[in-house]
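Rule-based calculations on the coordinates, nothing more; no lab input. Owing to the predicted nature of the structure, the values given are computational and were not obtained by experimental measurement. Cβ sites come from the backbone with ideal geometry, for glycine too, and all protein chains shown count toward neighbours.
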Amino acid sequence: MFKVLLALMPGIAVYAWLFGGGVLITLVLATATALVTEALMLKLRHRPIQPFLSDYSAVITAWLLALAIPPLAPWWLIVVGTAFSIIIAKQLYGGLGYNPFNPAMVGYAVLLISFPVVMTKWPIALSMVETKLNFMDQFHYIFNQTLPANITIDAVTSATPLDYLKTQLKLNQSMEMIQSSPIFGVLGTQGSEYIALAYLAGGLFLWQQRVITWHLPTAFLGGIAVMASFFWAIDASQYANPMFHLFSGASMLGAFFILTDPVSGPTTPKAKLYFAAGAGIITYLIRVYGGYPDGVAFAVIFMNICVPLIDTYTQPRVFGHEK
């Protein structure tokens, strides 16, 4: 668990550098909420507190949720989402080892469904705006929802490229014209593509340390890439290229840090391939045809439901017995 937190550090550092220190405030709020609610639930369940708090599982849930929501979201949003993740999605099922769904993604899905407007106000990279928010400006906005007199929230936030892409395509705009917008980068989103590269580096560190295997990240990213390549080959004027989907949204975070949850995911190697490929395909379909700009959370939750069935039909052969 501690190595997973270390692997997230490069992505967090790049995030704070490109978009400001608001993400650090969100991480602190989420961590504090996770530890307090975890301790409270353990006490109510008459379980020892120290061993479970020191396994870092609650902190990982908090960090993954904090990194998935807008860093300028109001303080109560991250508190409510984190508390829901720990209390409802984790502890009410029996705690670590018993939760059938990824707690962070359950919390994210609840927030997105309940507060869609707040959850879609993402900051613009600091290099792209003239009126930059410093750390204290972001701190005041998170806790008081107030900005300096010369700055409006629309000047420092916008829709994500995934959301913008879907909206403009419905207005019959061409892909070439849409991607000429400054919010698009070389690989994916302006600024966020570097965060995705940092998550990729952290994920490769986890693989090198044998914390995770190659099956889940490869199959998930492969599922997205295959679907994106197929539709892009059919009509490049209406569908984004595979690199855009791989380096936009939560693709890299999902591949290496969300799907690799050892509790809510499958256990056999073949099952991991089916599970992650299914999540990748569903993620792409939600992005292109669904009502939400990104589909990682919903794809993971749906595939969590299928884990027992997938594990049942992918058991390895027992040596000494007929197939």
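Of note:
- Extended-chain gain in nm, criterion 0.36 nm per residue less alpha-carbon gap, Leu40 and Thr157: 38.5 nm
- Amide proton proximity set for Phe184, modelled H, under 5 Å, gap of 5+: Gln190
- Calculated [222 nm] ellipticity per residue, helices only, for the chain: -18500 deg cm²/dmol; basis is -39500 (n - 2.57) per DSSP H run with n ≥ 4, divided by all residues, nearest 500.
- Per-peptide average of other Cβ atoms within 10 Å, ordering 146-157, 275-286, 6-17, 85-96 highest first: 275-286, 85-96, 6-17, 146-157
- Going from the fewest other Cβ atoms within 10 Å to the most, the residues Phe143, Phe19 appear in the order Phe143, Phe19.
- Backbone amide hydrogens, once placed in the peptide plane, bring Ser158 within less than 5 Å of Trp122, Ile124, excluding anything fewer than 5 places away on its chain.
- Volume per residue of the C-alpha convex hull in the chain, rounded to whole Å³: 142
- Protection-proxy order for peptides 188-196, 115-123, each taking the mean of Cβ atoms within 10 Å per residue, highest first: 188-196, 115-123
- Cross-link reach list, lysines versus Lys121, counting only Cα pairs under 24 Å and skipping chain neighbours closer than eight places: Lys132, Lys166, Lys170
- Anchor Lys3: lysines whose Cα lies under 26 Å away (excluding residues fewer than 8 positions away in-chain): Lys90, Lys270, Lys272
- FRET efficiency, Val117 to Arg210 (Cβ-Cβ, R0 45 Å, nearest 0.05): 0.60
- Measuring between their Cα centroids, region 266-323 and region 128-176 lie 34 Å from each other.
- Among 221-229, 241-249, the order from most to least packed when residues are scored by Cβ within 10 Å on average: 241-249, 221-229
- Scalar couplings 3J(HN,Hα) for region 17-22, obtained by applying the Karplus form with A = 6.51, B = -1.76, C = 1.60 to θ = phi - 60°, are 5, 7, 10, x, x, x Hz; x denotes Gly and Pro.
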